[in-house]
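Each reported figure results from applying straightforward, stated rules to the coordinates on display, with no laboratory input. Just so you know, these numbers come straight off a predicted model, no measurement behind them. Positions of Cβ are generated from backbone atoms using ideal geometry, with glycine treated the same way; all protein chains shown enter the neighbour counts.
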Amino acid sequence: MLLTIDPNNGLPIYDQIVRQVKFAIASGALRPGELVPSVREAAKQAAVNPNTVARAYRELQAEGVLRRVRGTGLAVTEDAPAYCRKERVKLLEERLRQVLEEAAQSGLSEAELRQLVEKQLRLLSRSRGRRGSS
């Protein structure tokens, strides 16, 4: 699991970690029983303070996504994939709602907003196509 932190994202770093772990579980990149990187490993990889990773992992444990495996670390729970798939949709809907509110407040028309969304979807599709052909 590779964590990528974007300090300009607008989300707190611990929240970015929580979301990325949930998205990895929802997509099947992390499976039930699989261990997540240790706090130290994840902090080093993401170039963040270990306390930030520890906070994210505590939140994931509180939500029942991760469980402590004695002497080993933290593992994905059996119930996590279904929960994370639901959470992924909720998290993305909330971010999308915020962007749409900002667009409405800026005075964009619905047609202009649709053009922006379609343009970004095309760009995303192209960039995915290039990654797949590499």
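Pop out the ³J(HN,Hα) list for the stretch 37-48 in order, Karplus 6.51 cos²θ - 1.76 cosθ + 1.60 with θ = phi - 60°, rounded to Hz; leave Gly and Pro as x.
Once θ is set to phi - 60°, the couplings for the stretch 37-48 become x, 4, 4, 4, 4, 5, 5, 5, 4, 8, 6, 10 Hz.
What is the fewest-to-most order of ILE13, ILE5, ILE25 by other Cβ atoms lying within 10 Å of their Cβ? Each step should come with its number before you reach the end.
Details: ILE13 19, ILE5 16, ILE25 28.
Ranked by crowding around the Cβ, least crowded first: ILE5, ILE13, ILE25.
Looking at the chain as a GNM with Cα springs under 10 Å, which of ARG40, ARG97, ARG70 has the largest mean-square fluctuation?
ARG70
List the relative contact order of the stretch 1-104 as a percent without decimals, with contacts defined as Cα pairs under 8 Å and 6+ residues apart.
Values: 117 pairs, mean separation 32.0, N = 104.
Dividing the mean separation by the residue count of the stretch 1-104 yields 31 percent.
For the stretch 87-105 and the stretch 23-58, write down the distance between their C-alpha centroids in whole Å.
Their Cα centres are 25 Å away from one another.
Label-point separation (nm) for LEU116 and ALA103, each offset 7 Å from Cα along Cα-to-Cβ?
Once both label points are built, they end up 0.6 nm from each other.
Compute, for the stretch 1-104, the length of the dipole vector about the Cα centre, with Cβ point charges of +1 (Lys, Arg) and -1 (Asp, Glu) only. Units Debye, rounded to 20. Could the numbers behind the result be given before it?
Details: 16 positive and 13 negative charges, 76 e Å.
Rounded to the nearest 20 debye, it is 360 debye.
What are the principal axis extents of the Cα atoms in the chain, in Å, biggest first?
The principal-axis extents, from largest down, are 56, 37, 30 Å.
Working from Cα positions, state the angle (0 to 90°, nearest 10) between the long axis of helix 80-105 and the longest principal axis of the chain.
Taking Cα atoms only, the helix is inclined about 30 degrees.
For the residue pair LEU124 and GLU93, what label-to-label distance in nm results when each label sits 7 Å from Cα along the Cα-to-beta-carbon direction?
1.7
Which lysines does LYS90 reach when only Cα atoms under 19 Å apart count, and residues fewer than 8 places away in its own chain are ignored?
Excluding near neighbours in sequence, the set is LYS22.
Would you please give the residues with an amide H less than 5 Å from that of GLU34, counting only those at least 5 places away or on a separate chain, with H modeled from the backbone geometry?
VAL76
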